[in-house]
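Colleague: Here it is, the structure, as structure tokens.
The values are calculated or read from the model by the stated rules, or taken from the named source; none is laboratory data. As the structure is a prediction and not an experimental result, all values here were calculated from the model. Note that each Cβ is placed from the backbone with ideal geometry, even for glycine, and that neighbours are counted across all protein chains shown.
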Amino acid sequence: MSFDIKRIVDQIGETLTLTDITRTYNDRGDATESTTDYSIKGYVDEMAGDEEIVTEGILEKGDIIVFIDEDEDNVEYLEVGNRFTRNSINYIIKNVIHNPGHYEVHARKT
């Protein structure tokens, strides 16, 4: 069964900046990063600190879970290590779960 969240995101979602981070390495192993920004819309759940996912130590107070419809533009950039920016605060993606119909993305505040 697919859980399409497009209507929820359209009603109460917000637009975030999703930064795709590409790392290249020279012969000595030194890394160079390049970034490309994309817009993506999702429903953001900010952790207050009393959620089970926080008490289990998976996320911390202030971290976010973003729910994004699987048909949203730029979902191909939902990768561990990439970054969301929300209200001038950066969040590093730590986990991406593709559920039927939507993505659940855990991101840690930096």
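Colleague: Would you mind stating whether residue 103 is of a type in the set (Ser, Thr, Tyr) and farther than 13 Å from residue 19 by Cα?
Modeller: Yes; evaluated as a whole, the condition is true for this residue.
Colleague: Could you check, for region 40-49, whether at least one of its residues is exposed (fewer than 15 other Cβ atoms within 10 Å of the Cβ) and over 16 Å from residue 106 (Cα atoms)?
Modeller: Checked against the condition, which is being exposed (fewer than 15 other Cβ atoms within 10 Å of the Cβ) and over 16 Å from residue 106 (Cα atoms), region 40-49 yields no hits at all.
Colleague: Another question, if that's okay. In region 16-62, how many are touching a helix residue (DSSP H, G or I) at 6+ places or on another chain (Cβ under 8 Å), under 28 Å from residue 4 (Cβ atoms) and of a type in the set (Asp, Glu)?
Modeller: The number of residues fulfilling the criteria is 1.
Colleague: Now for a different question. Within region 28-35, does at least one residue satisfy the condition of being surrounded by fewer than 14 Cβ atoms within 10 Å (Cβ to Cβ), touching a strand residue (DSSP E or B) at 6+ places or on another chain (Cβ under 9 Å) and modelled with pLDDT of 95 or more?
Modeller: Within region 28-35 (the criterion being surrounded by fewer than 14 Cβ atoms within 10 Å (Cβ to Cβ), touching a strand residue (DSSP E or B) at 6+ places or on another chain (Cβ under 9 Å) and modelled with pLDDT of 95 or more), the answer is yes, since at least one residue qualifies.
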